Amino acid sequence: MLVAHKNDSRTLVARVLRQRYLLLVAIPGVLWFLLFSYYPMWGSIIAFKNFDFGLGILQSPWSGLDHFVEFVRDPDFATIMTNTVAISALKLVFGFPAPIVLALLLNELRSAGFKSVTQTVSYLPHFVSWVIVTGVCLQLLSPTNGPIIPLLAKLGVVDPNLLIMGDPNLFWGLAVVTEIWKEIGWNAIIYLAAITAIDPVLYEAAKVDGAGKLRQVFAVTLPSIAPTVFIMLTITIAYLLTTNFDQLWLMRNSAVVPASEVIDTHVFVQGIQLGRYDYATAVGLFRSVVSLGLLVAANQFSRRITGTSLY
Amino acid sequence: MKSNIKTTNGERVFQVFNVIFMTGLILVTLYPFWYVLILSLNDGHNSRAGGLALVVRKFTWTNYMVILNDPAIVRGFLVSVARTVVGTSAAVLATALFSYVLAQKHLIGRRLITALITFTMFFGAGIIPVYMLMRDLHLTNNFLVYVLPALTSAFMILITRTYFESNIPPSVQESAMIDGANELQIFFKIIFPVSAPILATVALFVAVGHWNDWFAGYIYMTKPDLVPLQTLLVQIINQAAATSMMSAIQGASGGVDSGPTIESVRSATMVVAIVPIVIVYPFLQRYFVKGILVGSVKE
């Protein structure tokens, strides 16, 4: 009898009963993820359908790969892909090393007080929105009453009528510079933490071997933070097609559209503004699938090079 | 024993340049904020004349008075405050509860649920299907569109769960269970009160997210009554300022060469949107470093 009773208590029903309070929380939590994350993933199937409001997602007729083909054949396709990849690549080339350099330089500051002041100031812009950054740029870069252009014009460096925010040739640069300005301090945090974790014995050993400061950076610091660098690089590469929508959407205006139309803005215009849900979803899905592929590839690469990986 | 290698000249030069560089970085970071502040405190028409760079030239509170008299901006500010307070409280509670439950090793389906959550960090559906969902749920023109989708996230759950797992000894819970308390009572009476560091981290992240979000107001609100301050700012930046603001600007005008302008009022609005961030900044920076570092710890 006693044995049978013990077996009973091991059944699922008994476990559920015993965990009823936990499940009271876990079930709504799981339902939340199913509704807000997984249902939209399922809803992405309209990328393969000709979506009809009256018929709904399930009843709308299939369209196969029509929307994907339309995107690839779009006369703007080349421009969109060029802008997307170029802006991301420029951010990768200039924006990725910047916080690493900042972290290395911060680490060399002798005064702990000055170091902490610099650091505290450097990540402040991370916490203001792109709306504010855009508004600030508009004021700051105004050729008529901003403080910068008239000064540079007086020095003969730039044309006094230079409208940085309205010049398609300068848009990529503006996107990269403002992104670095906003995120350099924030992104340096993780590298500084990695540098702080390096065993001082390694530096002592390098000094004994006659290594100067610069040599120590290359022989000790950089190899020690390499795993962190590769993890961050993996994430950055995975997001190569995901441009910063907030930044690009807010900073652009009709004058710079040719330089600023990227996948994300194309999805927004087609889907939200023109109501072409099926087509826009297809474009978005194309982006997500390529991103997932990039993530897997970058992760594989990182694992092979440094033995560290995201998952 | 101190290092016996002398400081070389090259190193001394480097130190000097490093300090100069960092000072430059501080100035480049802070100056844009300073410039907007002086614009907001300077007479609008006076600023338009150009040359304003370092200090206020013709001091005035008029730009702020225009904002105070603009019902759209006052309402936008209140909407922002409301969604930040309600959204953050709800998110902290939901995240903490769910993370605590997931930290229980014996939870049925724990691994499956964790996998379900983690996957959402790597793959998202994109904005269109999410937009369609919100419409189907009748969340457009509804305050809940700010709160419900932002209740939690995979990242917040993972850092909170890691905190619970590494900071709360199982013995605390076991002894409470023996005293007859159930898991939820333990959570509210014992765990919640002692988890201030992680709860503050989550709260600050979520609060800043709510305060800074312009997108939800931009796409889900077709009526003006629930538009938050950041979305209003987008409209002001796009020159589509509310007519109430234009008339307030004209009403406060002091003739042809003085009074507020759209730029000066825009600057004042930006200052109003930045100030709350600056106020919580000391708290933010105390907690967030810990937050992102906990988040980077793998299981």
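The values are calculated or read from the model by the stated rules, or taken from the named source; none is laboratory data. All values reported here derive from a predicted model rather than from experimental measurement. Ideal geometry is used to build each Cβ from the backbone, glycine not excepted, and the neighbour counts take in all protein chains shown.
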Inset, instruction - Inspect all residues belonging to the stretch A:43-57 and state whether any of them is assigned to a helix (DSSP H, G or I), facing chain B (nearest Cβ under 8 Å) and not β-branched (Val, Ile, Thr). - result: yes
Legend entry - Extreme residue, farthest from the other protein chains (Cβ to nearest Cβ), among residues of the stretch A:271-290 that are over 17 Å from residue A:243 (Cα atoms) and of a type outside the set (Gly, Ala, Ser): A:274
Legend entry - Residue list for the stretch B:43-80, restricted to those being surrounded by 22 or more Cβ atoms within 10 Å (Cβ to Cβ), within 13 Å of another protein chain (Cβ to nearest Cβ) and not in a helix (DSSP H, G or I): B:43
Legend entry - In the stretch A:268-311, residue surrounded by the fewest Cβ atoms within 10 Å (Cβ to Cβ) [restricted to those that are farther than 19 Å from residue A:80 by Cα and polar (S, T, N, Q)]: A:300
Legend entry - Residue satisfying condition, being in contact (Cβ under 8 Å) with a residue 12 or more places away in the chain, crowded, with 22+ Cβ neighbours inside 10 Å and assigned to a helix (DSSP H, G or I), within set A:85, A:121, A:131: A:131
Inset, instruction - Would you confirm whether any residue within the stretch A:90-104 is modelled with pLDDT of 95 or more, assigned to a loop (DSSP other than H, G, I, E, B) and closer than 21 Å to residue A:191 by Cβ? - result: yes
Inset, instruction - Keeping to the stretch B:160-175, report how many residues are within 14 Å of chain A (Cβ to nearest Cβ) and surrounded by 21 or more Cβ atoms within 10 Å (Cβ to Cβ). - result: 2
Legend entry - One residue from A:187, A:145, A:169, A:161 being of a type in the set (S, T, N, Q) and out of contact with any helix residue (DSSP H, G or I) (no Cβ under 8 Å at 6 or more places or on another chain): A:161
Inset, instruction - Confirm whether residue A:206 is under 28 Å from residue A:290 (Cβ atoms) and in a helix (DSSP H, G or I). - result: no
Inset, instruction - Just name the residue that is surrounded by the most Cβ atoms within 10 Å (Cβ to Cβ) out of those in the stretch B:139-159 that are within 14 Å of another protein chain (Cβ to nearest Cβ) and assigned to a loop (DSSP other than H, G, I, E, B). - result: B:152
Legend entry - Residues (of a type in the set (Gly, Ala, Ser) and within 17 Å of residue A:105 (Cα to Cα)) located in the stretch A:191-210: A:193, A:194, A:197
Legend entry - Single match in A:231, A:198 (criterion: surrounded by 19 or more Cβ atoms within 10 Å (Cβ to Cβ) and more than 13 Å from the chain's Cα centre (by Cα)): A:231
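Give B:244, B:258, B:253, B:267 a once-over and let me know the one that is at pLDDT 65 or above and not in a loop (DSSP other than H, G, I, E, B).
Exactly one of B:244, B:258, B:253, B:267 is at pLDDT 65 or above and not in a loop (DSSP other than H, G, I, E, B), namely B:267.
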Legend entry - Conditions (1) over 23 Å from residue B:156 (Cα atoms); (2) over 14 Å from the mean Cα position of the chain (by Cα); (3) in a helix (DSSP H, G or I); number of the one not met by residue B:222: (3)
